[in-house]
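Visitor: Sharing a structure, written as structure tokens. Questions coming.
Throughout, read-outs are computed from the coordinates displayed, never taken from laboratory work. Here the structure is a predicted model, which is why all the values come from computation and not from measurement. Note: ideal-geometry Cβ built from the backbone for every residue, glycine included; neighbour counts use all protein chains shown.
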Amino acid sequence: MSATNGLDVDPERFNMNGKALCLMNMDMFINRVPTGGKLLYKDFKLRLHKALFLEEYHQRKLLELSALYQLQNAALQQYLFRPV
């Protein structure tokens, strides 16, 4: 992001873990990067929301597939072990 938009960002100003970065508000970004902090904040939040949405989407799909697998497995068990 910073290279794309020509922002002068000192990585040492963001020397923190992911949780701390996620808890930063716009003023904190602007404080660390006076020219472009607002843009950097908005870009970060957009990427964060996309990542969270995709994670939630994939979790739902896994649950759906798991439920479908369980239904298929139960149907197969009934078919295989039915009285003859």
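Per-residue answers, yes or no, for (1) hydrophobic (A, V, I, L, M, F, W, C); (2) surrounded by 10 or more Cβ atoms within 10 Å (Cβ to Cβ):
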| position | (1), (2) |
| --- | --- |
| ARG13 | no, yes |
| MET24 | yes, yes |
| ILE30 | yes, yes |
| GLY37 | no, yes |
| LYS50 | no, yes |
| LEU54 | yes, yes |
| LEU68 | yes, yes |
| GLN72 | no, yes |
| TYR79 | no, no |
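Visitor: Do we find a residue being hydroxyl-bearing (Ser, Thr, Tyr) and more than 15 Å from the chain's Cα centre (by Cα) anywhere in segment 48-60?
Guide: No, segment 48-60 has no match at all.
Visitor: Any chance you could count how many residues in segment 6-43 are in contact (Cβ under 8 Å) with a residue 24 or more places away in the chain and either out of contact with any Leu (no Cβ under 6 Å at 6 or more places or on another chain) or of a type in the set (Phe, Trp, Tyr) (or both)?
Guide: Matching residues across segment 6-43 total 8.
Visitor: While we're looking at this one, here's another question. Any idea which of (1) touching a Gly at 6+ places or on another chain (Cβ under 9 Å); (2) outside any loop (DSSP other than H, G, I, E, B) is the one LEU54 doesn't satisfy?
Guide: (1)
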